[in-house]
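Comments concern the structure below.
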Amino acid sequence: MRSIKPITALFASSEVFPFAKSGGLADVSYSLPRALSSMVAITVAMPLYRTIDREKYSIKPLGISAEINISGTPHHTELYGCEYQGMEYIFIHSPVLSERDYLYGPPGEGYVDNALRFGLFSYAIVDLVKRYRFDVLHLNDWQTALSALLVHRDPDLNTKTVFTIHNLAYQGIFDHHMLGALGISDEYFTMGTLEYYGNINLMKAAIAFADKVTTVSPQYAKEILTPEYGNGLEGFLQSHSDKLVGILNGIDSTHFSPKDDKALVKRYDSKSLSNKKVNKKACLKETGLQDIERPLFVFIGRLVAQKGLDILIDALDDIASLPINILIRGEGEEHYRSELKRLAAKHENISFIYGYDEAISHRIYASADFLMMPSLYEPCGLNQLIAMRYGTMPIVRSTGGLIDSVLPIEEYDASSTTGHGFVFSQETSDALSLSVTKAFESYAKKRSFNKVLRHNMQVDLSWGDRAKQYFELYTTLLSKTV
Ligand code: GLC
């Protein structure tokens, strides 16, 4: 009889929800391995930052420690673990990696020793692979990228590596001297490997040496091959395009489910859309906004240039002159914070709350009529997916994953398996304003507007088929070994 042994995989990420999160990477690192766990024996590994609540999640020492030697310096690392919602997590603790107030550095800055911190994380990941002999190592973003090279140069390892690019703008670029400090020889300081304008670029290590490179939407997979979106790596990516594939992200449809969401004031589904109003009423009360009949336009996200903050801030005086309410919530760069504060003080229909809180953001999706996402670039974007699931109409700029997940409302087709919303293409505040005005006008046509909202709520945004694409990718890579 043939015995069927499941594929074993280690999924490594520098942030995983709910333990540590700065952006969408954490959400995907939570939900994708869960979706894969019905097909693959999968473990998730991440750093044990000191900000993680060990007690809350019952994170315990596994009694395993290792001295990881990097360029002559031993780094003491200890493994911790927990089970959370049926998934197995391994946490790597080492003082230089873990004992900090922030994951990567204070807002807008990176710690000066991040190369060493995440280099060490990458070594520790490969140590886990050696210890437990995983078939597949799935790496995410530059913080794990060096692992692909370490697996490649180890003749004893035949683990297959998959590297997912969540955001090409962050590549892990450091001074040349760090190459030696990371225990990597000069033979890897070439244009075809880590060299990047005289520096080292850790993301290049994974693009060069991973067996497969994925990114989080098919559109972004095409865009990063162009100078506009390639962040200087377009040529390098082109030379590896045979192993590049775009798979659209999904969202965890249990975690994001307005009919079961305990964070909401009132739960609802596509048949009880009017219950959104109960949530909206509470939200207006909390934020000091007036008049429930006004449509509520929200922005939720990191306050960084990528998310189109300059366009948004520029458009706000104009947008606020419409009889609507605007709610902005997020954390990030100080100059955006002060501009938004100024605009909220100037217009009584703008409320700005600095900070991030998962439960509050669920309530905002449930309360809002529109979500604005004027992103300059967007590898995938998760907020437009969450919005559609919560019956909130997305207003997006046509870029990256926003193109793949939101079709223009003018082309509404009830049989489509994709959601619809307002889509604009120019990277200008005028284009955003115009789109918001159109959206505002359509809001009055309740019947047709709600029809689209209901359709969006029923579209399958879950990981289902998308996780299967990753599974097939793992399977294909492993079948190549025999
Ligand atoms: C990054 C990207 C975002 C993507 C997320 C998860 O945060 O900016 O577009 O959705 O990663 O892959």
Out of all DSSP beta bridges in the chain, what portion is antiparallel? Express it as a percent rounded to 5. 30 percent
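Only helical DSSP H runs with n ≥ 4 go in: add -39500 (n - 2.57) per run for the chain, normalise by residue count and round the 222 nm mean residue ellipticity to 500 deg cm²/dmol.
-10500 deg cm²/dmol
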In Å, the Kirkwood hydrodynamic radius of the stretch 273-458 over pairs of distinct alpha carbons? 16.2 Å
Near PHE209, within a Cβ-to-Cβ distance under 12 Å, what is the net charge of the other residues, with Lys and Arg +1 and Asp and Glu -1? +3
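Is the shape of the stretch 30-182 best called rounded, prolate or oblate, per the rule: a/c under 1.5 gives rounded, else a/b larger than b/c gives prolate, else oblate, with a ≥ b ≥ c the square roots of the Cα gyration tensor eigenvalues?
In terms of gyration-tensor shape, rounded.
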Mean shadow area of the chain, taken as a quarter of the surface of its Cα convex hull (nm²): 23.6 nm²
Counting only protein heavy atoms and rolling a 1.4 Å probe, one gets per residue an accessible area for the stretch 176-283 in Å² of 43 Å²
With the radius of gyration and the Kirkwood radius both derived from the Cα set of the stretch 311-379, what is their ratio Rg to Rh? 0.94
Which of rounded, prolate, oblate describes the stretch 411-455, given a ≥ b ≥ c as roots of the alpha-carbon gyration tensor eigenvalues and a/c under 1.5 marking rounded, otherwise prolate only if a/b is larger than b/c? oblate
Rounded, prolate or oblate, given the Cα gyration tensor of the stretch 371-458, with a/c below 1.5 counting as rounded? oblate
Output the relative contact order of the chain, whole-number percent, from Cα pairs under 8 angstrom with separation of 6+ residues. 12 percent
Ranked output for segments 435-442, 23-30 by mean other Cβ atoms within 10 Å, highest leading, reads 23-30, 435-442
Run the paramagnetic zone check for VAL278: 7 angstrom along Cα to Cβ, then residues of the stretch 356-371 with backbone nitrogen under 17 Å. 363-368
In whole Å, what is the distance between the alpha-carbon centres of the stretch 185-247 and the stretch 383-411? 28 Å
Sorted on mean Cβ neighbours within 10 Å (highest first), peptides 335-343, 45-53, 103-111, 408-416 come out as 45-53, 335-343, 103-111, 408-416
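What is the percent carbon and sulfur in the accessible area of the stretch 20-91, measuring with a 1.4 Å probe over the protein chains and ignoring ligands?
Carbon-and-sulfur percentage of accessible area, whole number: 44.
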Any aspartates and glutamates whose Cα falls less than 12 Å from that of LYS259, other than same-chain ones fewer than 8 residues away, would be ASP269
Once the in-chain neighbours fewer than 8 apart are removed, the lysines whose Cα is under 27 Å from LYS262 read LYS21, LYS56, LYS271, LYS276, LYS277, LYS280, LYS281, LYS285, LYS451
How much of the accessible area of the stretch 273-458, probe 1.4 Å, is carbon plus sulfur, in whole percent? 50 percent
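The values are calculated or read from the model by the stated rules, or taken from the named source; none is laboratory data. Here the structure is a predicted model, which means the values were calculated and not measured. All Cβ positions, glycine included, derive from the backbone under ideal geometry; neighbour counts span all protein chains shown. Heads up: the accessible areas ignore ligands, DNA and RNA and are worked out on the full protein's heavy atoms, side chains in. Shrake-Rupley method; radii C 1.70, N 1.55, O 1.52, S 1.80 Å.
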